[in-house]
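Report on the structure given below.
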Amino acid sequence: MLCGECTITLEDVVFQLGVPITGPPIIAQNKEAVEITCYLYLGKIPDKTNIDGKRVKLTWLKSAFELDGNSSDKDSWAWYRMPFLAPICAAPSEFPLATRWHHKKEKKALEHKVTVEVRMLIDMWCESQFIWRPYLDEDLFVLIPERAYEDEENWCSVMPLIHFTLVEMFYKDRVLRQFGYHQPVPNIPLNMNEYEQIDTRGKSDTYWPVKHAQYIEL
């Protein structure tokens, strides 16, 4: 964007979704049952009709965890930082912050606008109205529990994000303005194509904690 590079960070994951960002990686051997994995990491087990191979249907996740099907964490991230894009919602903010949009939204700010118009609106307003640190707002700050800050030192870490077969690096040094710092020219990112495009076909015996050990140890 014209105002600078920005993205969803680990800080956003904590405040928007209320989930921890540390702990063992979500990774296992391909042969491990989906039911076991879901129970270990989600605390709930989907029935057979909601399992497709090694995947769980999104409809089950939305139903099991009362997720709003009309808005996502990405929407919430954008709406708190660019209020001129947000729908009108009479409900006050609550923690986790993304749950605010689960309530009835009176009107969508972008209703009837096409993609080109939305992009023009962002270009027009983002430089002067983009909120780099929305969680410092007094009304939001008082909602965030102390436990949400337990892993604060990791929010600004350059670290691998691991999900089963995939490894992707999180480069906080590219979005330092989101943490209140001056943004210098960032370092050249590592080429992670080899790890970002792995699939599980023909790898039923692969033990991913060993395959990705170098990144887990980071």
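Quick one: which residue in 138, 117, 146 is within 17 Å of residue 81 (Cα to Cα) and surrounded by fewer than 16 Cβ atoms within 10 Å (Cβ to Cβ)?
Working: 117 fails: within 17 Å of residue 81 (Cα to Cα); 146 fails: within 17 Å of residue 81 (Cα to Cα).
After ruling out the rest, the residue left standing is 138.
Here are some residues: 86, 91. Which one is over 26 Å from residue 4 (Cα atoms) and at pLDDT 80 or above?
On the way: 86 fails: over 26 Å from residue 4 (Cα atoms).
Going through 86, 91 in turn, the sole match is 91.
For region 32-83, give me the residue count where each residue is of a type in the set (Asp, Glu), under 19 Å from the mean Cα position of the chain (by Cα) and modelled with pLDDT of 80 or more. Show your work before the answer.
Step one: list which residues in region 32-83 are of a type in the set (Asp, Glu), which gives 32, 35, 47, 52, 66, 68, 73, 75.
Then drop every residue that is not under 19 Å from the mean Cα position of the chain (by Cα), which leaves 66, 68, 73, 75.
Within this subset, residues satisfying the condition of being modelled with pLDDT of 80 or more are 75.
The total comes to 1.
Which of the residues belonging to region 120-135 are of a type in the set (A, V, I, L, M), exposed (fewer than 15 other Cβ atoms within 10 Å of the Cβ) and in a helix (DSSP H, G or I)? Spell out the reasoning first.
Looking only at region 120-135, we keep the residues that are of a type in the set (A, V, I, L, M), and these are 120-122, 124, 131.
Of the ones still in play, those that are also exposed (fewer than 15 other Cβ atoms within 10 Å of the Cβ) are 120, 124, 131.
120, 124, listed by residue number.
Considering (1) modelled with pLDDT of 90 or more; (2) assigned to a strand (DSSP E or B), say which one residue 167 fails and leave the rest.
Checking residue 167 against (1) modelled with pLDDT of 90 or more; (2) assigned to a strand (DSSP E or B), the one that fails is (1).
Residue check: is residue 190 out of contact with any Leu (no Cβ under 9 Å at 6 or more places or on another chain), under 24 Å from residue 6 (Cβ atoms), loosely packed, with under 15 Cβ neighbours inside 10 Å and modelled with pLDDT of 75 or more?
Working: out of contact with any Leu (no Cβ under 9 Å at 6 or more places or on another chain): yes; under 24 Å from residue 6 (Cβ atoms): yes; loosely packed, with under 15 Cβ neighbours inside 10 Å: yes; modelled with pLDDT of 75 or more: yes.
When the stated conditions are applied, residue 190 passes them.
Cβ-Cβ below 6 Å, separation at least six or inter-chain, first residue in region 110-129 and at pLDDT below 80, second β-branched (Val, Ile, Thr): which pairs?
Pairs that qualify, where the first residue is at pLDDT below 80 and the partner is β-branched (Val, Ile, Thr), are 110/118.
The values are calculated or read from the model by the stated rules, or taken from the named source; none is laboratory data. All values derive from a computational prediction rather than experimental measurement. Cβ: placed from backbone, ideal geometry, glycine included. Neighbour counts: every protein chain shown.
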